[in-house]
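Colleague: Mind having a look at this structure? Questions to follow.
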Amino acid sequence: MPRYLVERTFDDRLEGQAAAAARWRRVVCSNARLEVTWLHSYVSADRHRMICLYEAPSPEAVRHAAAISQLPVGSITEVLVLDPFAYLPGDGTRSVAAATEDIQKETLE
Amino acid sequence: MAFEELLLERDGALGAIGACLAQAASGMGSVVLIGGEAGVGKSAVCRAAVRDAARRGLATWSGACDALSTPQPLGPFLEVAAQAGEGAVLDVLRGAPNGHEVMASFVKWFKLGGPSLLVLEDLHWADEASLDLLRQLGRRAQSWPVVLLVTYRDDELDEWHPLRRALGDLSGGERLVRLVLYPLSPAAVATLAAEHDVDAQALFRLTEGNPFFVTEVLASGDGLLPPAVRDAVLARAARLSRPAREVLEAMAVIPLRAEIELLGSLCPGSERAIEECQRKGMLVSDNTGLRFRHELARTAIESDLVASKAVQLHRKVLAWLRNREEAQVLPRLVHHAVAAGDAGSVLELAPRAAARASALGAHREAAAYYGAAVLCANQLGLAELANLLCLQARECHRSDEPAAALNLYKRALAIWDGLGNTARVGETLSRMANCLTKLGRGAEALEAADRALVVLEALPPGKELAQALLTRGGHAMRRSDHEDFLRYTPRALCLAEELGDQGVALGALMNLRSMAFYRGEDPGGQLLNEAIGRARDAGMVEHVAVAMMNLANAHLQARDHGAAASSLDAAIAYNDQYGFDVFVGAMRADRARLALETGDLTAAAGEATEVLRRYQAAETRASALAVLGLVRARRGDPGVWEALDEACRIAERAEEVQSLGPAAAARLEAAVLLSAGLEGAVGLAITALRVAQERSFTWLCGELHTWLERAGRPQRVRSELALPWRLELDGDPCGAAEAWRMVGCPYEAAMAVACAKQVGDDARRAAVRELHALGAGQAASQVSRRLRDLGVRQVPRGARRATAANPWRLTARETEVLGLLARRQSTSEMAAALVVSPRTVEHHVAAIFDKLGVHTRHDAVQLAGARGVFGTAPER
């Protein structure tokens, strides 16, 4: 399924992690019904902006899920996700730092 | 094994085992009994237990009992001892020990060894010595740090089974844990089926949640019988007595269930054998008869039947069923006739079954029955064969399989041609034209329709000619080619009336009136509605459905949104009632367009997505794709070109301006909004414009002209345009906006002002804000960018506050109904107010409940009121 990045702006600052737990659990539940999976989010330091990554069948599904959870949608972009482990040696069980060291050693030789 | 198996719904069992393992680690042993049906996953649980034990640092050994006719004495224990390399025990076991000696050696082993897990599987096949040992070890389990994990098939233990006695002896023990594993729930089956392209519910029904069967079916990948299950089942059956096996074989040829009397006639005197089958868990009985516990088991046994035996059994069943009331058992009769290779019976029964099925609306089944008859072709005369092929093709067409229908018609055509039956040749060509249209192959459809006429006009006029004229006229109608249409349809009407062919006559009349309505020659649609009434009275359901669809479409084309909404509702309800799924697709696509035109982007996208998910017809998909692509373009969402390029591709192939126009217009608008692919879009739009001008599609012409203008490619030659477009192109943006608002198109109204060159800054800013409010963010920002380039200041950059005007994706209709609910109107009052049937109102209310997640009207009104759906909206 494609992945979508959603940028959103809040007029009120977002609540802190603990206070918001119940809210986000509800979000996860209602998303599941629509085959929308919330992967993770980034919140700006001033707590007014959030960028969220989803896996979903279509941008409409993302909007629908957001509407049910009463979250605003600023813009939606389809994205490919790059992960350092795709390019580093090893099986992903070592830390990125350790694998990076290996690459550096390699290039020195 | 290197991988971890996924065990669903076994947490309880594994938890209990884990607790026993923990206690063994501290010196207290136990016996864990795991019962369950064959294939329920006892071995899988054992493997998980072994892993758990290993993690906890316990030693693990596994042994199993084989399904031999004579089990090896102490077989499983020998296996375990060999694994452990316990020389002392092995020596004892290989000698000729008595029970005490064996017992003593194991006790010594257990006491001296560290904490361990001993797995013994399939003890229902265990020999007596093993069971004895088990009993004795189990009774004193607390004395040593060993967990004895024993599995067995609980559905195979009748009261005389030795294991049952052994277990009975153990039940008094303190350190005994009894676990039963149950088949998986539908949810778990769905989870297992998630990665596969399988219908989870059908899978659950087939396997009844038996994990072994489920995983075997999924592994086989094609939903048919995987070898592993078959082997398992056949092995089980082989262990039954001969009479019981006869019963199973007889049962195997009978799908679903067998009446006791039937079984009695197939296998006389087999009551005990039947009982045995039930005891061994292979057959179960319910009110109406006997059946296999698993369908897979039945097919396994059936597949193992010698062909001649199977045929013999089928013949017997067929004979027995013949004595029953035919209508009820017709499908079964056909099944057994086909399986018995009784061509005569098939030819006699299958067409009857097909006719019945068709009358009931089960067209797919009817096609299959005809197909069965066709397979007995060598007993048929050519004309009969061709006739059956045509009947089958017709049913395929009705069950929305135009490709299959086309192939069948081709075969029939070859035969009719060979027989020189010109009338049937013409008729078949005409029907093929309809199939080709459905498949979106416009040029070929036209060719076939023309050929049909050529062939038939050489004969004295008959009903085939009338039908072919109607078909050809219909093609012209779809292309909105009025002159062409008039060349054929009036003739079809006259001829049909002369011949007294009511169906074709009404069809022709319907088309004539629809065309007149499209062209505005029948304001209010009275003539058309009169024709619809006549068709209804004549019970010509299909004609009524088509006409209602045309009526709704005409309203939509004329941008008469209120009328379009009601007639779409009415048409969809009618089609739902009579099961014409084919038309419903086209109408829902129309509904999507209606939502788009009235500015409801969310509803438009939702409806379009549903259409694309369920309907295959080319025209329908092109229409829905154009809507979806345009919604995405206006919002600035991804996926615009996938949708619009596909829409254009389909539309071009179908050669119908009714598809091409909207697709080209959408592509052009998207190209302007996204500043991409402009050249190609302009080219296509100009082509579409020319055709639209020829056909006098004033709305489409206006749309194309305007967007070409906005793209910087104004077209000089102008035909008549619909009013709002004309006003804009003539340089009266405010007049245009007003005209759009009268028609109910807020997006076009806002765009008219926002894109205009000469208009006040305030008005422009308001228009941009309106675009944001409608959710058309991309349109708004594209326009804003241009305006900023032009030096207009203070253009709103985006929606400052996140508004969700319609959080539940209610359609315009549903919002209306919700409003009426708030006024406490009853269903009949609402039906009267909206001019629809009470059934339609109920349908909308149900959709509202579903979307809002409530169950009562009161709750719906409350919830909507809290969100400000009525009256004052939350402040911006």
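Colleague: B:Gln693: surrounded by fewer than 24 Cβ atoms within 10 Å (Cβ to Cβ), out of contact with any strand residue (DSSP E or B) (no Cβ under 9 Å at 6 or more places or on another chain), assigned to a loop (DSSP other than H, G, I, E, B) and more than 14 Å from every other protein chain (Cβ to nearest Cβ), yes or no?
Modeller: Spelling it out, it is not the case that B:Gln693 is surrounded by fewer than 24 Cβ atoms within 10 Å (Cβ to Cβ), out of contact with any strand residue (DSSP E or B) (no Cβ under 9 Å at 6 or more places or on another chain), assigned to a loop (DSSP other than H, G, I, E, B) and more than 14 Å from every other protein chain (Cβ to nearest Cβ).
Colleague: Now for a separate question. Just to be sure I understand, how many residues within segment A:72-81 are among the β-branched types (Val, Ile, Thr) and at the interface with another protein chain (Cβ under 8 Å from one of its Cβ atoms)?
Modeller: Of the residues in segment A:72-81, 3 are among the β-branched types (Val, Ile, Thr) and at the interface with another protein chain (Cβ under 8 Å from one of its Cβ atoms).
Colleague: Moving on to the next point. Give the residue, chosen from B:Gly629, B:Gly636, that is within 14 Å of chain A (Cβ to nearest Cβ), closer than 28 Å to A:Glu7 by Cβ and either polar (S, T, N, Q) or open to solvent by less than 20 Å² (accessible area, probe 1.4 Å) (or both).
Modeller: B:Gly629
Colleague: Given the criterion outside any helix (DSSP H, G or I), under 19 Å from B:Ala383 (Cβ atoms) and open to solvent by 20 Å² or more (accessible area, probe 1.4 Å), identify the matching residue among B:Leu459, B:Leu413.
Modeller: Only one candidate passes the filter, namely B:Leu459.
Colleague: I'm trying to understand the selection: among the residues of segment B:329-382, which are crowded, with 16+ Cβ neighbours inside 10 Å, charged (D, E, K, R) and over 26 Å from B:Gly539 (Cα atoms)?
Modeller: Selection gives B:Arg332, B:Asp342.
Colleague: When residues of segment B:165-179 are filtered for being open to solvent by 70 Å² or more (accessible area, probe 1.4 Å) and modelled with pLDDT of 80 or more, how many remain?
Modeller: Of the residues in segment B:165-179, 1 are open to solvent by 70 Å² or more (accessible area, probe 1.4 Å) and modelled with pLDDT of 80 or more.
Colleague: Give me the residue from segment A:36-63 that is within 11 Å of chain B (Cβ to nearest Cβ) and either aromatic (Phe, Trp, Tyr) or open to solvent by 40 Å² or more (accessible area, probe 1.4 Å) (or both) and, out of that set, farthest from A:Asp12 (Cα to Cα).
Modeller: The qualifying residue farthest from A:Asp12 (Cα to Cα) is A:Pro57.
Colleague: Can we say B:Leu704 is within 23 Å of B:Ala676 (Cα to Cα) and open to solvent by less than 40 Å² (accessible area, probe 1.4 Å)?
Modeller: yes
Colleague: Determine if segment B:539-556 includes at least one residue that is within 14 Å of chain A (Cβ to nearest Cβ), open to solvent by 20 Å² or more (accessible area, probe 1.4 Å) and not basic (Lys, Arg).
Modeller: Checked against the condition, which is being within 14 Å of chain A (Cβ to nearest Cβ), open to solvent by 20 Å² or more (accessible area, probe 1.4 Å) and not basic (Lys, Arg), segment B:539-556 yields no hits at all.
Colleague: Residues being open to solvent by less than 10 Å² (accessible area, probe 1.4 Å) and not in a loop (DSSP other than H, G, I, E, B): count how many of those fall in segment B:244-285.
Modeller: The number of residues fulfilling the criteria is 12.
Colleague: I'm trying to understand the selection: among the residues of segment B:417-430, which are open to solvent by less than 60 Å² (accessible area, probe 1.4 Å) and out of contact with any Ser or Thr (no Cβ under 6 Å at 6 or more places or on another chain)?
Modeller: Of everything in segment B:417-430, those that are open to solvent by less than 60 Å² (accessible area, probe 1.4 Å) and out of contact with any Ser or Thr (no Cβ under 6 Å at 6 or more places or on another chain) turn out to be B:Gly420, B:Asn421, B:Thr422, B:Ala423, B:Arg424, B:Val425, B:Gly426, B:Glu427, B:Thr428, B:Leu429.
Colleague: Counting only residues that are small (Gly, Ala, Ser), without any contact (Cβ under 8 Å) to a residue 60 or more places away in the chain and part of a helix (DSSP H, G or I), how many does segment B:416-452 have?
Modeller: Here the count works out to 9.
Colleague: Here's another thing I want to ask about it. Please tell me if B:Leu673 is within 40 Å of the chain's Cα centre (by Cα) and in contact (Cβ under 8 Å) with a residue 40 or more places away in the chain.
Modeller: yes
Colleague: Can you confirm whether B:Glu401 is charged (D, E, K, R) and open to solvent by 40 Å² or more (accessible area, probe 1.4 Å)?
Modeller: yes
Colleague: Where in segment B:296-400 are there helices (runs of 4 or more DSSP H), lying fully within it, with 2 or more residues that are within 28 Å of B:Glu259 (Cα to Cα) and either at pLDDT 85 or above or out of contact with any strand residue (DSSP E or B) (no Cβ under 9 Å at 6 or more places or on another chain) (or both)?
Modeller: B:307-322, B:326-339, B:343-359, B:363-374
Colleague: Would you call B:Gln502 open to solvent by 10 Å² or more (accessible area, probe 1.4 Å), at pLDDT 85 or above, more than 26 Å from B:Ala595 (Cβ to Cβ) and of a type outside the set (Ser, Thr, Tyr)?
Modeller: yes
Colleague: Then there's this: Can you tell me which residue in segment B:605-626 is surrounded by the most Cβ atoms within 10 Å (Cβ to Cβ), limited to those that are among the charged types (D, E, K, R) and within 11 Å of chain A (Cβ to nearest Cβ)?
Modeller: So the residue we want is B:Glu607.
Colleague: Could you list, in sequence order, all residues of segment B:20-59 that are modelled with pLDDT of 90 or more, aliphatic (A, V, I, L, M) and within 45 Å of the chain's Cα centre (by Cα)?
Modeller: B:Val32, B:Leu33, B:Ile34, B:Val45, B:Ala48, B:Ala49, B:Val50, B:Ala53
Colleague: How about segment B:180-194: which of its residues are over 21 Å from B:Ala126 (Cα atoms) and either modelled with pLDDT under 80 or not in a loop (DSSP other than H, G, I, E, B) (or both)?
Modeller: Within segment B:180-194, B:Pro186, B:Ala187, B:Ala188, B:Val189, B:Ala190, B:Thr191, B:Leu192, B:Ala193 qualify.
Colleague: Does segment B:639-656 hold any residues that are touching a Lys or Arg at 6+ places or on another chain (Cβ under 8 Å), within 12 Å of chain A (Cβ to nearest Cβ) and not in a loop (DSSP other than H, G, I, E, B), and which are they?
Modeller: Across segment B:639-656, the qualifying residues are B:Val640, B:Ala643.
Colleague: Here's another thing I want to ask about it. Test A:Asp11 against the criterion of being in contact with a Lys or Arg (Cβ under 6 Å, 6 or more places away or on another chain) and part of a loop (DSSP other than H, G, I, E, B), and give yes or no.
Modeller: Here the answer is yes, as A:Asp11 does meet what is asked.
Colleague: Going residue by residue through segment B:564-582, is there one that turns out to be within 14 Å of another protein chain (Cβ to nearest Cβ) and not β-branched (Val, Ile, Thr)?
Modeller: no
Colleague: Sticking with this structure for a sec: In this structure, is A:Ser69 more than 11 Å from chain B (Cβ to nearest Cβ) and open to solvent by less than 40 Å² (accessible area, probe 1.4 Å)?
Modeller: In short, no.
Colleague: Next question. Here are the criteria: (1) modelled with pLDDT of 80 or more; (2) closer than 29 Å to B:Val214 by Cα. Tell me which single one B:Ala2 does not satisfy.
Modeller: Result: B:Ala2 passes all but (1).
The values are calculated or read from the model by the stated rules, or taken from the named source; none is laboratory data. Quantities reported herein were computed from a predicted structural model and do not represent experimental measurements. Positions of Cβ are backbone-derived with ideal geometry, glycine not excepted, and every protein chain shown enters the neighbour counts. Quick note on the areas: whole protein, heavy atoms, side chains included, nothing else; ligands and nucleic acids left out. Shrake-Rupley method; radii C 1.70, N 1.55, O 1.52, S 1.80 Å.
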